[in-house]
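Notes follow once the structure below has been shown.
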Amino acid sequence: MKKFLLIPTLILCITQLVCGQNPFITNYTIADGLPTNKVFCVLQDKNDFMWFGTSAGVVRFDGTSYTRYTTKDGMSYNRIARMKEDMEGRIWCMNIDGSVNYIYKNEVFNEKNAPFLSEIKTDFYYHDLFQDKDSTIYLFNGTGEVAVIKGNSFIDYLPSSLNGAVIFNITRNTNNNLLFWDSNRIVEKSSVDELLENHPLDFNVTRVTLSPDGVTYVCDMDGNIHLFQGSRLISKNFVHVDAQVVNDMLIKGEFLWVSTFDNGLYCFKNDSLVFHHAMKKIQNLVLDAQNNLWTASTTYGIFKINDGILKYQTIEAEQFDEKGVRAIAPSNDDFLWLTNGESLFIFKDGKLFDNKLDIGEYILDQIIQLSDNSLLISGINTQLYIYKNLRINPKNNTIEYDNLNKSNIHVRKPVVDSSESKVNFYLNDNLFFRELKGNYPQFRVKYTDWGRIRNIFLNYNNDLIVNGNTNHIVAGGQISTDSTYSVFDGKWIASNITIDSTTEVLQIEEADNSELVLIHNDSIYSLIDNMEDHISLKIKDMIYYDKTVFLYNQQTVYFISNPTDVIKGETAVLNRLNITFNNINDLYCQNEILYVASDDGLTLIPVSECVNAVSIPTKPYFSKVTLDEKEMAVAKGEIVYKNKDRLNIEFSSLNFSSSPSNFAYMLEGVNNDWITGTEKQVVYLNLKPGHYTFKLKSRKNMEPYSEVIELPVTVIPTFFQRVSTRIGALLLLLFLGFLMVRNYYRRQLREREKDNQLVTLENRALQSMMNPHFIFNSLGSIQKFLLQNKSEEAGAYLSRFARLIRQTMNSIKSNSVLLDDEVERLRNYIELEQFRMENHFEFSVILDDQLQQDDYNIPSMIVQPFVENAIWHGISQLQGKGKITIRFNYVNEKSIRIIIEDNGIGFEKSKAFSKTKSHLNMASNLTQKRIQLIGEKYQVKTQLSYEELYPGETNPGAKITLLVPIVE
C-alpha cells in the first residue's frame, strides 16, 4: 500500500490544452535576457554550452548569462534557421537568407575570413547538414541542393536533379551507402554522384531523424511515424502524432520525443504516449548533458524541460481553479485534504476528486484533521472553521459534514494540543484557546507579559511555547519561562519540528541572520548557521520525515539528512531539489512521497529521489581575461604577458539547474587557500614576474565541487626586471662608482696641482711686482730727493712706498682681494710711478655703478703687471704727456671685465727700447696662465686680449682687456 502512488508516475499520460504552469518546465524569454522571443533552433556543443538561433543573431547560454553574435560581430545575417556542430567543434549557422557562417573558438567566420563560404550560398536556406566519418560535410536544403565541404574548402555542388525534390536528411546504411531522404523516396548512392537505387515510399515524408542505435524515424504528412533500418521499413505506423506539422524527433533510450508546431510536445515510451504538453510553435529538440530537454519557440522563446517531468506527477493549477494549492493535511482514511485558499479538495490514489467543498475564503492556508474526523481550517487573519465529522460519501464521492462552527475572531496559527481537547491561537499579544467539545467555548489567557506574540508551537514535550518578546512555556495551566528558550528572547522562532520526545529543530530569524538550531535534552546545537550564505530566500516552514528535515522557501525544497548527527559533532549538509516552483505554500510526506503544494499545483516526488539523487556537477570555465582593459585570448589555454599592472580573470559555470553556482578559486603563488563565494571575477594587481596557476572549481549549493580547471599565468620580467639585467646594472653601478671615485681623486689632484700652480704664479707675480728694478728705482728716487734737500718729497715718497709694500704683502695672504683694496693699491703704485717720473703722465681708475654698490672679490695681483708694462714700456718713451685709463665693468654675477688703456708708443715701438721680446713679457706669461687656471677653478669663462688703442697713429697706444671671475 505504501507504493501505490509510484505506479501512476511510471507511465503518465497528461494532456493539457494550454501551456500552463509546471515546475518542471522553465521558460526563458526576453525578460530573462534573451534578445528576442523568436527562436528558430537550439543546440548544445561539445563543451556543454547551449546555443540559440534567433531572429536577432546567435546566442550562447551557460545557464545564467547570454553571449550574443550578430552582424556587428561578423555574422552574415541575423536570422538563423538551424545550427549544428561538426567533429572539429565548429558551430555551423545556416541563415534564412541562404548564407552560412560558422563560429569557432568564439570567433565568427564569414565570406571575408573564410572565402569558401561564399561558394555555398544559395537562394533557399540550408536546414541541416550531415558529416561523414571522413569529416566531409553535406549541407542540404528544402529544394534538394547539396553543398559538399571538406575542411575549409568547397568540394562540390549537387543540384536537386541528382538528389531529389526535397532532402529531409542524409544517412548511411549498413552497406555504407549514402541515403538521401526525399519527400516520397529514398535515393541510395555509393557516392554523391553515383546513383545505385531509388526506393519509393507510399507516403509523403515531413521529418527524418536517425536514432543513436541506427534506426531511422520517419514522420509522414498524417503524423504517422515509421521506423526504418537503412532503407528497409521495419515498423509502419509505429506511433501517431495528432499534429499537422512535426518539426523534430529525438530518441533517448526507450523514449521518443516529438515537437510539433501546432500541437506542442509529445513523448512516447516505446509505442505508448506518456506525456503531452501544448507548448506553442516549438522547433527542434536537444537533450543536454544534465538530462534537460530543450526546445525553441518562434513566439515564446526557449523551453527547458526537467527530466523529472516524466518521473514525477504534477496536478497543475488549472485543476485547482487556477489558484494552485495552499495547504495539505492527511485524513484519517488514507487520503489527503487540499485547499486552494477557498475550497477543500480530496486527493486519493493519485487522483484528484472532482467534487470539492467551497468554504468562501481565499486565504485559507492551514488544515488540521482530528481523530474524531473534525477538520479545522484557517488562514491569514481568517476565522477558524471547525467542521464536525467531515467525511466522504462513498456513493458519489461528495464531501459531507454534520455541522460547522466558526470563531468569533480572526485567528493566527491554530495549534491543537496533544490530547486534541483544545486548540490554541493568538492575536497580537493575546493568547486564546477553544475547547474542542460541546459548543466549542472560547477563552482568553489572562497574561500578556510575553509582549507581542510572534508564534506559538508545541515543543518535543508537547508543551505550548509562546514566542514573544520573552518566550514562555504554557503547561498544566501554568505559565513560566525556561532557560532553554530564554536564549531566544527577542528573536522570532519562525517554525519548529519535533524529531522525537527529546529532540526538536527551530528556525531562528533575526534582522541580519537566519539559522537552524537543534535542541536535544535542553542542549542547543547549531544545525545550519547563516542560512543566507546557502539559501537566497527565507525559509517559510519545514517538516520532518524518515530522518530527514525538509525545508522550503518560495522557489524550492531543501533537505538535511540525519540532522541528529550534529549531536555527535558531525556537520550538517544542506542539499536541495533541482526543481524550481512558483511560490511553494506547504509540504507533506506520506508513504515515501513528498507532496509539494505551490501555485503550480500539487507535485509528487518520491522521497528516495530527493535524498538519493545523483547530483550533476557544474562545469566551470574561463569567460574572459583582460590585461589593463585589453582582452586576451582565453582559448590559447594560458596567459603570458609582461609590463602590465592589472590582470582581470572572469569566469562562470555551465549550470542549467535551478540551483545557483558557487565558486572556489586560488592563484598558486599568491593564495595558499581556496577563496569561495558567488563572485565571477577576480583582479590581481602588479604580479611579480614568475609562473602562476589560476585554479577554479564550482558547485551547486553544498554539493561536491566540480573538477578543478587551471589557467597557467606567466608574467615575463621586463628588461629591467631580469636577474641578468639587475646583476649587470649592479656591476655597472659598481664600475660607475669606481670611475666616479677615481675621477674624484683625479679631480682633487688636478685641483691641488692648479692651486700649487696658482701659488707659484702668485709668487712669481709678486716677484714681478716687487722686482729689484722697481725697488732700486724707488730707493734711487728717495736718494735723489734727499741729495736735493727735498726732505718732504723724500718723506712722502717713502711713505707711499712703504704703504705699497704693506698692501702687496697683505694681498699675498689670500688668492682674492676686495676690488676696492685692489683699486687703492693700484692708485698707490701708479702715484709712486707718477711721482718718480715727475708727472710725465696722468691716470684715471673708473668703476661702473654696479661695482660701487657692493663688495666684490677678484683674483689678487692681476692688474698691476699690465699697468707696470704700460708705464715702463708705453709711456716712459713718450715725448709728450702720457695717459693711462683703467676701467672696471660689471658683466654678470660671475665676471668682471677690466680694460687698461694707454696712449704710449705701442707694441711695435716698445720692442726697440725693451730688453725683452715684448713689453708684456711678465704679464703675458704669468698672468695669462693665472687667468686660465682661475677660470678652470671657478668654472667661469676668462679672457685676455691685446690690441692697439689708436691703430695707424704714430703712437697707437695699447688696450688690454681682461675677463676675470668674481671670487666667492
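Bear in mind that the values in this text are calculations on the coordinates, not laboratory data. Model, not experiment: these values are computed from the prediction. Cβ: placed from backbone, ideal geometry, glycine included. Neighbour counts: every protein chain shown.
K252: which aspartates and glutamates have alpha carbons under 13 Å from its alpha carbon, excluding same-chain residues fewer than 8 sequence positions away?
Output for K252: D213, D288, D307.
Under a plain spin-label model, where a point goes 7 Å from the Cα along Cα-to-Cβ, how far apart in nm are D628 and E838?
The modelled label-to-label distance comes out at 9.2 nm.
Rank-order 301-314, 514-527, 863-876 by packing density, defined as the average count of other C-beta atoms within 10 Å over each peptide's residues, highest first.
The densest-packed peptide leads the list: 863-876, 301-314, 514-527.
Tell me the label-point distance for the pair K894, Y744, using the 7 Å Cα-to-Cβ offset, in nm and rounded to one decimal.
2.4
With axes computed from alpha carbons, what is the tilt in degrees of helix 928-938 against the longest principal axis of the chain, rounded to the nearest 10 within 0 to 90?
The answer is roughly 30 degrees.
Eigenvalues of the Cα gyration tensor times 5, then square-rooted: what semi-axes does that give for segment 413-476, in whole angstrom, largest first?
Over the Cα atoms of segment 413-476, the semi-axes work out to 19, 14, 9 Å.
Rounded to the nearest 0.05, what FRET efficiency is calculated for N530 and N224 with R0 set to 51 Å and r the Cβ-Cβ distance?
Efficiency for this residue pair is about 0.30.
Mind running the shape call on segment 664-727? Use the C-alpha gyration tensor, a ≥ b ≥ c as the square roots of the eigenvalues: rounded below 1.5 for a/c, prolate if a/b tops b/c, oblate otherwise.
prolate
Taking the convex hull of the alpha carbon atoms in the chain, what volume per residue do you get, in Å³?
340
Just in segment 679-759: which trypsin sites (Lys or Arg not before Pro) are loop by DSSP and have at most 14 other Cβ atoms within 10 Å?
Those satisfying the criteria are R722.
If the reach is capped at under 17 angstrom between alpha carbons, list the aspartates and glutamates near K547, excluding any in the same chain fewer than eight residues apart.
D500, E504, D565, E570, E592, E609
Determine the equivalent ellipsoid of segment 99-190 by diagonalising the alpha-carbon gyration tensor, then write out the semi-axes as square roots of 5 times the eigenvalues, largest first, rounded to whole Å.
In descending order, the three semi-axes are 24, 15, 10 Å.
Suppose the chain between R803 and F255 were pulled fully straight at 0.36 nm per residue; how much longer would it get relative to their current alpha carbon spacing?
Full extension of this stretch gives 183.9 nm more.
Give the long-range amide H neighbours of T54: residues separated by 5 or more places, or on another chain, with amide H under 5 Å away, using H modelled in the peptide plane at 1.01 Å from N.
Correct list: F40, V59, I80.
As an exercise, use a Förster radius of 41 Å and the Cβ-Cβ distance of I363 and D262 to find the FRET efficiency, rounded to the nearest 0.05.
0.55
Regarding segment 340-428, what's the average projected area of the Cα-atom convex hull, expressed in nm²?
In nm², the orientation-averaged hull projection of segment 340-428 is 6.4.
Largest first and in whole Å, give the semi-axes of segment 214-279's equivalent ellipsoid, each being the square root of 5 times a Cα gyration tensor eigenvalue.
Square roots of five times the eigenvalues give 19, 13, 9 Å.
Kindly state, to the nearest 0.05, the FRET efficiency for N671 paired with N47, given R0 = 22 Å and r defined as their beta-carbon distance.
0.25
Using every Cα-Cα pair within segment 501-560, state what percent have a distance larger than 18 Å.
Tail of P(r) above 18 Å: 32 percent of Cα pairs.
Taking a label point 7 Å from the Cα of M87 along the Cα→Cβ vector, which residues of segment 130-151 have an amide N closer than 11 Å to it?
Backbone N within reach: 131-137, 151.
At 0.36 nm per residue, minus the direct Cα-Cα distance, what do F335 and D156 gain on full extension? Give it in nm, one decimal, please.
57.6 nm
Based only on other Cβ atoms within 10 Å, what is the fewest-to-most ordering of I535, I409?
Listing I535, I409 from fewest to most nearby Cβ atoms yields I409, I535.
Please list, ordered by chain and number, the residues whose modelled amide H lies under 5 Å from the amide H of K422; skip anything fewer than 5 residues away on the same chain.
Those lying under 5 Å, H to H, from K422 are D417, L436.
Taking the Cα centre of the chain as origin and charging only Cβ (+1 Lys, Arg; -1 Asp, Glu), how large is the dipole, in debye to the nearest 20?
Dipole magnitude for the chain comes out near 4420 debye.
If I fit a long axis through the Cα atoms of helix 819-836 and take the longest principal axis of the Cα atoms of the chain, what angle between them do I get, 0 to 90°, rounded to 10?
The angle comes out at about 10 degrees.
For all pairs of alpha-carbon atoms in segment 206-332, what percent lies in each bin of width 5 Å, listed from the first bin to the last filled one?
Over segment 206-332, the share of Cα pairs per 5 Å bin runs 2, 10, 19, 21, 18, 12, 7, 4, 3, 2, 1, 0, 0 percent.
If we count other beta carbons within 10 Å of each Cβ, what is the order of L376, L667, fewest first?
Ordered by Cβ neighbours within 10 Å, fewest first: L667, L376.
Give me the number: length gained by fully extending F735 to S419, i.e. 0.36 nm times residue separation minus the C-alpha to C-alpha distance, one decimal in nm.
Answer, rounded to one decimal: 103.7 nm.
Loop only per DSSP, at most 14 neighbouring Cβ atoms within 10 Å: give me the GluC sites (Glu not before Pro) in segment 249-326, ordered by residue number.
Those satisfying the criteria are E254, E322.
Distance check, please: which entries in K105/K133; K437/K491; K150/K236; K422/K446; K642/K695; K304/K624 exceed 25 angstrom between their Cα atoms?
K437/K491; K150/K236; K304/K624
For a label point 7 Å from the Cα of A289 along Cα→C-beta, name the residues of segment 34-58 whose backbone N is under 14 Å from it.
44-51
Looking at the P(r) of segment 619-715, how many percent of alpha-carbon pairs lie beyond 21 Å?
Of all Cα-Cα distances in segment 619-715, 30 percent exceed 21 Å.
Fewest to most neighbouring Cβ within 10 Å: what's the order for D213, D334, D600?
D213, D334, D600
When the scattering of segment 135-278 is computed by the Debye formula from its Cα atoms alone, each counted once and equally, what is log10 I(q)/I(0) at q = 0.18 Å⁻¹?
Log10 of I(q)/I(0), two decimals: -1.03.
Please give the helix 791-812 orientation as an angle from the longest Cα principal axis of the chain, in degrees from 0 to 90, rounded to the nearest 10.
That works out to roughly 30 degrees.
Calculate the spin-label point distance for Q319 paired with D854, positioning each point 7 Å from the Cα along the beta-carbon direction, and give it in nanometres.
In this crude label model, D854 to Q319 measures out at 11.0 nm.
When N is the residue count of segment 483-616, what does its C-alpha Rg come to as a fraction of 2.2 N^0.38 Å?
Normalised by 2.2 N^0.38 Å, the Cα Rg of segment 483-616 equals 1.03.
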